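K.L.:
I have a structure I would like to understand better, so I am pasting it below and will then ask my questions one at a time.
Every number in this text was worked out from the coordinates using simple rules, so none of it is lab data. Note that the structure is predicted; figures quoted are calculated from it, not measured. Every residue, glycine among them, receives a Cβ derived from its backbone with ideal geometry; neighbour counts consider all protein chains shown.
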Amino acid sequence: MRDILIFGIIFGILPFVFKRPAIGALLFTWVSLMNPHRLTYGAAYDFPFAALIGAVTTISLLFSKEPKRLPVTPVTIMLLAFAAWFTLTSFFALEPLLVWREWDRVIKTFFMVVVTLMVVNTEKDVKRFAWVVALSLGIYGLKGGIFTLASGGHYRVYGPDGSYIGENNGMALALVTALPIIWYLHTQVKYRLLSLGLIAMCVFTAVSAVGSYSRGALLGGMAMLAFLWLKSPKKLPTAIAVIFIGVLIASVMPDAWFDRMDTINDYKEDSSAMGRINAWQFAINVALANPLGGGFNVFSPRLFLIYAPDPLGYHVAHSIYFQVLGDHGFVGLAMFLLIMFFSWRTGTRVIRFCAGNPELKWASDLARMAQVSIIGYAVSGAFLSLAYFDLYYDIIIILVLLEKVLLLPGAKKTTWHTGPLAAPAQYPVEQRPS
């Protein structure tokens with residue numbers, strides 16, 4: 001039954017993709033984030049839905065009469081440069097038999113990032129994209145939070161097999177990163193029941209992230225909440241909400257959870273933490289010995305025997321930063337950090353542009369929440385190997401699309417007049433760039 005449902009939904013939507021490639025971008029994002037086919041048990045489980053949707057969207061991109069325009073910004077330039085760089089490093093990879101499989105997966109992600117940035121051109125589609133990103137993971141947050149409360153926190157929360165969120169740490173990072181976008185949806189809806197439902201999804205998503213037993217997610221969540229409180233105009237309600245979630249978690253989670261979180265302070269006595277430090281030193285050694293880095297999948301037992309301080313202490317990178325450093329060297333790491341920096345600056349530009357204009361509050365709020373998501377990813381990712389996770393690049397897409405539809409040449413802009421020369425009531429004046 002599940003297989004029939006998934007086939008029916010996707011093949012039912014595909015014909016519309018030929019007319020509007022933006023629909024294909026939304027459909028691809030849903031499949032790549034939620035992996036709904038991995039919740040089935042039959043033919044749909046291994047069916048290449050993402051590849052099919054990507055191919056149909058590309059055909060539509062080439063032949064559809066819909067406008068296509070890639071925004072040229074520091075973010076998009078750096079994304080393309082990073083893709084070119086990791087392609088170059090792949091030709092000199094230290095694990096030539098392993099590198100191209102991962103390159104194939106990552107280059108497809110970057111290709112669909114570019115396609116999405118080209119075909120999404122309207123305010124409505126940007127909002128729809130945010131809904132898809134939030135709910136694709138919010139469903140798991142809602143389900144996982146209920147499971148955590150029902151089980152008393154004794155079991156970890158996992159995602160679909162064979163996906164980035166298949167194991168507990170990946171699921172935790174995804175939920176932490178998606179949580180601000182879910183909260184954004186709550187602030188935008190007009191129907192009270194839907195708003196309450198999204199608030200519940202936020203609470204259960206937070207509980208689910210904690211129920212993953214991921215220490216990185218805990219640190220990322222704390223950093224996000226601190227930033228939200230500092231930037232919130234309503235600090236008291238925000239503080240009450242944070243305290244409520246904290247009390248709920250403390251009352252539900254068992255001693256085993258607190259014991260695991262406490263290892264953050266006693267990391268020298270934790271074999272997992274020391275293994276990560278060994279992996280991080282491995283990445284530094286690889287980058288120092290190989291200016292191009294080791295290429296994708298450089299974290300292998302064979303190379304640990306050569307570059308790791310403890311040759312037998314094999315671990316994956318357990319850090320987006322050291323993962324990129326080991327894979328693509330210091331140049332690749334610099335590019336990765338610049339993408340993050342330029343994305344943050346894009347959000348700041350959008351927020352400044354929207355200041356004082358009630359009609360653009362939706363965009364300002366979305367940009368702020370996307371920045372909060374970046375904080376969650378940046379902190380949680382410091383302890384997880386998810387440098388090429390689709391979700392992070394979907395958050396970047398949101399920020400670039402906001403700039404595209406509001407600020408860049410060709411966008412329909414609104415200037416909000418205030419001050420002594422303005423009319424008694426504030427009024428919008430629509431302009432088009434010369």
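K.L.:
Take each of the peptides 379-391, 283-295, 168-180, average the number of other beta-carbon atoms within 10 Å over its residues, and list them starting from the highest. List each step's numbers first, then the result.
P.N.:
Values: 379-391: 23.2, 283-295: 20.5, 168-180: 28.1.
Descending packing order for the listed peptides: 168-180, 379-391, 283-295.
K.L.:
So how far, in whole Å, is the C-alpha centre of segment 36-88 from the one of segment 128-193?
P.N.:
23 Å
K.L.:
For the chain, restrict the atom set to alpha-carbon positions and state the Rg and Dmax in Å.
P.N.:
That works out to 22.2, 74 Å for Rg and Dmax.
K.L.:
What value, in deg cm²/dmol to 500, does the helix sum -39500 (n - 2.57) over DSSP H runs of n ≥ 4 give at 222 nm once divided by the residues of the chain?
P.N.:
On the way: 16 runs with 299 residues, N = 434.
Calculated mean residue ellipticity at 222 nm is -23500 deg cm²/dmol.
K.L.:
In addition: For segment 54-93, what mean projected area does the convex hull of the alpha carbons give, in nm²? Provide the component values of the computation, followed by the final result.
P.N.:
Values: hull surface 16.1 nm².
Taking a quarter of the hull surface, the average projection is 4.0 nm².
K.L.:
Once you wrap a convex hull around the alpha carbon atoms of segment 1-66, what is its projected area averaged over all directions, in nm²? Write out the running numbers ahead of the final one.
P.N.:
Working: hull surface 15.3 nm².
Average projection, Cα convex hull of segment 1-66: 3.8 nm².
K.L.:
Tell me which trypsin sites (Lys or Arg not before Pro) from segment 105-214 have a DSSP coil assignment and no more than 16 other beta carbons within 10 Å of their own.
P.N.:
Details: sites: 105, 108, 124, 127, 128, 143, 156, 190, 192; in loops: 156, 190.
Sparse-neighbourhood loop trypsin sites (Lys or Arg not before Pro): 190.
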